[in-house]
1. Please verify whether the stretch 204-212 includes one or more residues that are modelled with pLDDT under 95 and among the hydroxyl-bearing types (Ser, Thr, Tyr).
2. Any residue in the stretch 123-144 that is among the hydrophobic types (A, V, I, L, M, F, W, C) and closer than 30 Å to LYS204 by Cα?
3. Looking at the stretch 2-22, which of its residues are open to solvent by less than 30 Å² (accessible area, probe 1.4 Å) and closer than 17 Å to LYS270 by Cα?
4. Kindly list the number of the only condition in (1) free of Cβ contacts under 8 Å to residues at least 12 places away in the same chain; (2) touching a Phe, Trp or Tyr at 6+ places or on another chain (Cβ under 9 Å) that fails for ALA34.
5. Only strands (runs of 3 or more DSSP E) wholly contained in the stretch 143-235 count here; list those with 2 or more residues that are more than 23 Å from GLY65 (Cα to Cα) and basic (Lys, Arg).
6. Take the conditions open to solvent by 20 Å² or more (accessible area, probe 1.4 Å), more than 16 Å from the chain's Cα centre (by Cα), over 28 Å from LYS145 (Cα atoms) and at pLDDT below 95 and apply them to LYS254. Does it pass?
7. Residue check: is GLY200 crowded, with 18+ Cβ neighbours inside 10 Å, of a type outside the set (Val, Ile, Thr) and in contact (Cβ under 8 Å) with a residue 24 or more places away in the chain?
8. So which residues in the stretch 49-79 are open to solvent by 50 Å² or more (accessible area, probe 1.4 Å), of a type in the set (S, T, N, Q) and more than 16 Å from PHE27 (Cα to Cα)?
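The values are calculated or read from the model by the stated rules, or taken from the named source; none is laboratory data. Remember, predicted model here, so these are calculated numbers, not experimental data. Because the Cβ atoms are built from the backbone with ideal geometry, glycine has one as well, and the counts that use them run over all protein chains shown. What goes into the accessible areas is simple: the full protein's heavy atoms, side chains included, and nothing from ligands, DNA or RNA. Shrake-Rupley method; radii C 1.70, N 1.55, O 1.52, S 1.80 Å.
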Amino acid sequence: AFIGTKTNLFRKYTIGAGWGDSDTIPFGFKYKPATGPTTTINNKYPGKGAALCYDGTSKIYAVKGNGTYEFWVYDLLSKAGWTALPYVPCPKGVKAGAALAYYDGKVYLLAGGYKPTDPSNFYAYNVADSTWTPKTGVDFGPTSKPWKAGSALAELNGVIYALQGGKANCFFGYNPLADTIGGTPWTQLESIPLPDTVFGRYKKKVTVKDGGALAAGGGKVYAIKGNATDCFWRYTPGTPGVWEMLESIPVLDKQHAPKTGAAMAYLDGKVWLLTGNKQPDFWCYVPGGKSNIKNQISNIIQTANTQSLATHNSLLTTLLEVHPNPFTKLTTIKYTVPVFGNVSIRLYNASGKLIETLIN
């Protein structure tokens, strides 16, 4: 993950061990499409439009956004740090609304901030020969609205799904093979529904805006709408596909809800979410079951399975934190388990009646 907030920090999260330091991404050189790179250092950090994608094996590819043309790769195996790759060929630089996705030896880039009158807003980088190629541009939908902040890409089973940020709220699927043979690669799919419940209140129109994100895995595509909302959706591809509104992200207020810098990823059968919005909040969503589990991963309490129980004596009095408690509409539950064992969390009302078993 990029930290953002005017830094070049790059962090790695290891399941079971928490967040650790990793290599910062360097400054590149200034670049102009008409004349090429210069020898002047471009002192720009990852900003709006910054994006990462993973090749599934050993490499992470990145664009910094922030109006830059830089394109980088990070090799997890060689531990050689970041390496600069050929500059992105988009004429305006990479801005808010940009996104990356990897599939079959290519990195696909949605260049943000482009209008229907602009050149192609969609490119592919071929890893084998280190070249960029303009591809068929992303459809601007029936309203011809530009792809703004909140736009996102995710690959699933050979299809690249694209969520349009801004007022359009459209959703598309891209078939790389169809683009290769000169077919019609983009298909407009079912739009993520506009009616939604935001912090318990029904709203007729909630569009995808700054902080929108996608993640895909397990045959599903997951989406958040951003714009400081707690909405969480799941799309099942098919003929037709289906959007489902899932449990809301259990944030206490808009300050901690996904907005600028929010990002999602699918790993180990779970959906991982950074909420952005200048907050360090990091969430994990476990699909399936009657009551889907959401655990906030805290940097404060991290336990290793190999450590002894004695090491955790200081934690025994703070195994469960509930705030506020009691509550009427919304609360946050944090828990930690110092040793292996079953976990059960039960919700009771003020008279002592069991309302629901949240986790078992």
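1. Within the stretch 204-212 (the criterion being modelled with pLDDT under 95 and among the hydroxyl-bearing types (Ser, Thr, Tyr)), the answer is yes, since at least one residue qualifies.
2. yes
3. GLY18
4. All conditions are met except number (2).
5. Details: elements: 148-156, 159-165, 171-174, 186-188, 196-198, 201-203, 213-217, 220-224.
In the stretch 143-235, 201-203 are the strands (runs of 3 or more DSSP E) which contain 2 or more residues that are more than 23 Å from GLY65 (Cα to Cα) and basic (Lys, Arg).
6. no
7. Criteria not met by GLY200.
8. Listed by number, the residues that qualify are THR57, SER78.
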